[in-house]
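Okay, structure first, notes after.
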Amino acid sequence: MNTNLKTLLDEASLSGYKIQTQKTESYELFFVHRALETVRSTDTVTTYVTVYEDHDGKKGDASFSVYASTTDDEIRALIASAREKAKKIENQYYDLPAAETLDGAIPSNFTEYDPCDLASAMADAVFDADTYGNGSVNALEIFINRYTVSVVNSRGLDKREVKYGAVVEVIPTWNEGESVELYQCERFNRFDPAALKASVEEKMREVRDRGRATPPASPLKCPVVLGPHELASLFFDLAGELGYGGVYAHSNAYSLGDEVQKNCTGDKLTLTMRGSMEGSSASALFDGDGTTLTDTTVIENGVVSHYYGSHRFAQYLNLPATGQLRCLEANAGTCSRDDLARQPYFRCVSMSGLQVDIFNDYIGGEVRLAYYCDGDKTIPVTGISISGKLSEALSSLRLSRDVTCSGNYRGPDFALLNGIEIV
């Protein structure tokens, strides 16, 4: 942060201000096949200033960026311009978070490694899974980041945290007749070489099967199984309807006490929004306003139990400020893999993106690769879509006993849904 920035803001006699700073130290590797093409190390700082202006019982705000090269005179001009813009904004009045201090860190085993050694170990784990004659890792990019994040405001709030995150992007390719490829992105802040290798091995098998898959010979009628990526998308969509901002704007699909799973015949769903989870690079101690993050269960046993959200909208609704929570945990269920194998099922592996429309009671999407298990054999299929009523899918939901952690999601490894059409 520019050492004079806070002084210049104080001198401007503003109604309020907030300074958000993120320093990112990264170490990056770029491979084409197994050949290391580029090694890059960066050290960047981004600083955003928000100016608040109270007027006519309202609160306005405007933001600008500050760089290391920005002079004091330029900062003064930016402050004056932002102040004029803020005077034109008429948000309902609210107070900024007040005097809190914190200097913390998110636990990560990245601290046990030199960044160069850690990146090399991640590359080794990926290439250890590259053992197929007709398949290969076509491209690999590894980003290891150390973030130092701070929020300071005019009411004495001063918080800082250090956290880590890795992004490993892999493109596995299969060449057996027509060449096909899939994309895999792993995000984590705890390195487990065996887990990374296993994940890439699974994707290598999937790209092999994607090349061999064909459209089903006849219409399929059986339960649909979603994996952790699609479940995370579904559950975040449900939880997103319970944010303070949507409640304040009356745009939320669900309200407190609503049954998300009406006439439930499957496993009751419990969703908890969390500030941090072990292994997740989305973990944080506070949000962009400096609000301390408070874990909140938003759906409990299929019923909406709480809302969650920012300091500002918490004041509007007269509810506790939980902060903007970025991690989600879902409860395990009762469905085992043996239970799954007792009936035919259609397991989605790669989708163009799960589509969920809560207001129109829809769930579906294009399926690029799936496995149809008929009780005797497993057949890779492609060229199909799924479509159904969200309410029926949620009511019949069977959650796996096994739990996995993927990105900012921890929950069932799979879920079985009835009433979904395979077309």
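Under the condition of being assigned to a loop (DSSP other than H, G, I, E, B) and not hydroxyl-bearing (Ser, Thr, Tyr), the residues counted in region 165-202 number 6. Scanning region 294-319 for residues that are buried (at least 20 other Cβ atoms within 10 Å of the Cβ), touching a strand residue (DSSP E or B) at 6+ places or on another chain (Cβ under 6 Å) and over 16 Å from LEU269 (Cα atoms) yields a count of 2.
The set of residues in region 203-219 being closer than 22 Å to VAL180 by Cβ, of a type outside the set (Gly, Ala, Ser) and not in a helix (DSSP H, G or I) consists of THR214, PRO215, PRO216. Can you work out which of the residues in region 320-363 that are out of contact with any Lys or Arg (no Cβ under 6 Å at 6 or more places or on another chain) and on the phi > 0 side of the Ramachandran plot is surrounded by the most Cβ atoms within 10 Å (Cβ to Cβ)? Filtering first and then ranking leaves GLY323.
Filtering GLY266, GLY240 for residues that are among the small types (Gly, Ala, Ser) and touching a residue at least 12 places away in the same chain (Cβ under 8 Å) leaves a single hit, GLY266. Within region 226-247, can one find any residue that is assigned by TED's automatic domain parsing to the domain that holds SER352, under 30 Å from ASP287 (Cα atoms) and part of a strand (DSSP E or B)? Yes, the conditions are met somewhere in region 226-247. Scanning region 102-119 for residues that are surrounded by 13 or more Cβ atoms within 10 Å (Cβ to Cβ) and out of contact with any strand residue (DSSP E or B) (no Cβ under 8 Å at 6 or more places or on another chain) yields a total of 3.
Is it the case that region 267-282 has a residue that's among the aliphatic types (A, V, I, L, M), within 30 Å of SER387 (Cα to Cα) and assigned to a loop (DSSP other than H, G, I, E, B)?
For region 267-282, residues among the aliphatic types (A, V, I, L, M), within 30 Å of SER387 (Cα to Cα) and assigned to a loop (DSSP other than H, G, I, E, B): present.
The residues of region 23-79 that are closer than 28 Å to ARG146 by Cα and of a type in the set (Gly, Ala, Ser), listed by number, are SER26, ALA35, SER41, SER63, SER65, ALA68, SER69.
Close contacts from region 152-177, counting a first residue that is within 28 Å of ALA213 (Cβ to Cβ) and a second that is of a type in the set (Asp, Glu) and assigned to a strand (DSSP E or B), with Cβ to Cβ under 6 Å and a gap of 6+ residues or different chains, come to VAL168/GLU186; GLU169/GLU141; ILE171/GLU181; THR173/GLU181. I'd like to check something: does region 88-101 contain any residue that is assigned to a strand (DSSP E or B), in contact with a strand residue (DSSP E or B) (Cβ under 6 Å, 6 or more places away or on another chain) and farther than 30 Å from ALA125 by Cβ? Yes, there is a match, as at least one residue in region 88-101 is assigned to a strand (DSSP E or B), in contact with a strand residue (DSSP E or B) (Cβ under 6 Å, 6 or more places away or on another chain) and farther than 30 Å from ALA125 by Cβ.
The values are calculated or read from the model by the stated rules, or taken from the named source; none is laboratory data. Just so you know, these numbers come straight off a predicted model, no measurement behind them. When we count neighbours, we look across all protein chains shown, and the Cβ atoms used for this are built from the backbone with ideal geometry, even at glycine.
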